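Below you'll find the structure, written out as structure tokens, and then a few comments.
The values are calculated or read from the model by the stated rules, or taken from the named source; none is laboratory data. The structure displayed is predicted, hence computed values, not measured ones. Quick reminder, even Gly has a Cβ in these numbers, built from the backbone with ideal geometry, and neighbours come from all protein chains shown. Keep in mind that these areas ignore ligands, DNA and RNA; they rest on the heavy atoms of the full protein, side chains included. Shrake-Rupley method; radii C 1.70, N 1.55, O 1.52, S 1.80 Å.
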Amino acid sequence: MNVTPQLTLKQGRERSLLRRHPWIFSGAIAEVRGTPHTGDTVGVRAADGSFLAWAAYSPASQIRARVWSFDETEIPGPDLFGRRIAAALALRRAEIPLEATDALRLVHGESDGLPGLVADRYADTLVVQLASAGCERWREALIEVLRGQSGCARVYERSDTEGRELEGFAASTGLIAGTAADGPLEIVEHGIRYEVDAAAGQKTGFYLDQRDNRRRVGRLAGGREMLNCFCYTGGFALSALAGGACSVLSIDSSGPALELAKRNLALNGVEAGRAEWLEADVFGALRKLQLEGRQFDFIVLDPPKFAPTPKDAERAARGYKDINLNALRLLRRGGLLATFSCSGGVSPELFQKIVAGAAADAGASLLLRERYRAAPDHPVRIEFPEGEYLKGLLLERL
Ligand code: SAH
């Protein structure tokens, strides 16, 4: 007898699942059979009764279920997680040379077939985020598999995301396996050392997705005066200084991030004189720098997410327009602007249009030199476009 609870979808609402998109919204469900608890596995069926997927039920969320598998023979559980995590690790091994970094995202949620699960490796420490009801239900099994396959004995949890709250769970953070490290957690990325605050830093401690873009910017920075907006713990600044930038002025509104940035500078033996740090709101600081008559020949804009979903796109567009316009007013002719958006709700096309609008208002002619995306440990599945959130442009002011 099959006792697994079943969701039956409304007529026509099977379409996104047939395209292998992993989310089932509450409005798509016609009937719930059985009494699934939060995180339980449910079978998902089309209105005609045909099997669509196995999913994790999440009664508190608008995303009422997230797909574990589209294959009826593939029952969710430790074996399935083991295969998914092995595939995720194999992808990283193939894409990221060992010498490039000892910090990388091993599992990137839906894009690795594990909705709600993020696992980042920082040297010998693993930092996990369990952001879905399904991951919470399988917490022990997932962590066991991750520890075994990654070889990291020490695991910190950083399940303090908004997504987890929407699934009806309180934040959960702290050391969950192994023993606490003696000192600060340290990583090496493209030859640059960083201290990472996994316990209290943003995200799981570091913006791994910008790894290769930081290196690229560093290679273009030689001999330039740089303005680095939204600097966090100094990633773009250190890369630029290593690449021979004359000076870097970095701005962030977070005091603790700037403290760490300064420690990172010292950690790499860079003379402090070439780096200036400013705790300020970038929107205001860009205006103030104009009043002071400052000019730069490389500007980086790497703001936080302004638009998590497409419905926030308009408000976000105003934010992007503002910082890009005001940055361009500080950029010399021949100068470079590396401008990023990590808003899932803003497409690459829209982002480029916004930047073009800012350039028109600034009276600047810009050559599109390069396009950027997230590093390969943040893979993108074509059926899950939400996974492609980070985009960037490198523009030269003519
Ligand atoms: N470039 C960084 C990541 C930037 S993340 C890296 O490579 O590591 C975005 C940063 O913007 C965060 O550090 C956050 O503290 C900061 N921030 C958010 N809003 C801000 C604002 N209005 N003004 C200045 N900094 C802001």
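Scan the stretch 248-269 for residues that are more than 14 Å from the ligand (Cβ to nearest atom) and open to solvent by less than 40 Å² (accessible area, probe 1.4 Å) and the total you get is 0. Residue 306 satisfies every condition listed in (1) surrounded by fewer than 16 Cβ atoms within 10 Å (Cβ to Cβ); (2) within 11 Å of the ligand (Cβ to nearest atom); (3) farther than 20 Å from residue 237 by Cα except (1). Every test in (1) over 24 Å from residue 157 (Cβ atoms); (2) under 19 Å from the mean Cα position of the chain (by Cα); (3) open to solvent by less than 10 Å² (accessible area, probe 1.4 Å) is passed by residue 189 save one, and that test is (1).
The residue list 13, 66 contains one member that is closer than 15 Å to residue 167 by Cα and either in contact with a Cys (Cβ under 6 Å, 6 or more places away or on another chain) or modelled with pLDDT of 95 or more (or both), which is 66. Considering only residues in the stretch 231-257 that are among the hydrophobic types (A, V, I, L, M, F, W, C) and over 22 Å from residue 284 (Cβ atoms), the one that is farthest from the chain's Cα centre (by Cα) turns out to be 246. Residues in the stretch 271-289 that are within 16 Å of the ligand (Cβ to nearest atom), outside any strand (DSSP E or B) and not acidic (Asp, Glu): 280, 282, 283, 284, 285, 286, 287, 288, 289. Looking only at the stretch 310-349, count how many residues are over 14 Å from residue 282 (Cβ atoms), surrounded by fewer than 23 Cβ atoms within 10 Å (Cβ to Cβ) and touching a helix residue (DSSP H, G or I) at 6+ places or on another chain (Cβ under 6 Å). The qualifying residues number 3. Taking the stretch 158-254 and the helices (runs of 4 or more DSSP H) fully enclosed by it, the elements with 3 or more residues that are within 24 Å of residue 393 (Cβ to Cβ) are at 211-220, 235-242.
If you take the residues in the stretch 45-55 that are part of a strand (DSSP E or B) and open to solvent by less than 10 Å² (accessible area, probe 1.4 Å), which one is farthest from residue 25 (Cα to Cα)? Filtering the stretch 45-55 for residues that are part of a strand (DSSP E or B) and open to solvent by less than 10 Å² (accessible area, probe 1.4 Å), the one farthest from residue 25 (Cα to Cα) comes out as 53.
The residues on offer are 242, 237, and the sole one that is more than 7 Å from the ligand (Cβ to nearest atom) and closer than 18 Å to residue 197 by Cβ is 237.
Is there a residue being modelled with pLDDT of 95 or more, assigned to a strand (DSSP E or B) and crowded, with 16+ Cβ neighbours inside 10 Å anywhere in the stretch 350-366? Yes - at least one qualifying residue is present in the stretch 350-366.
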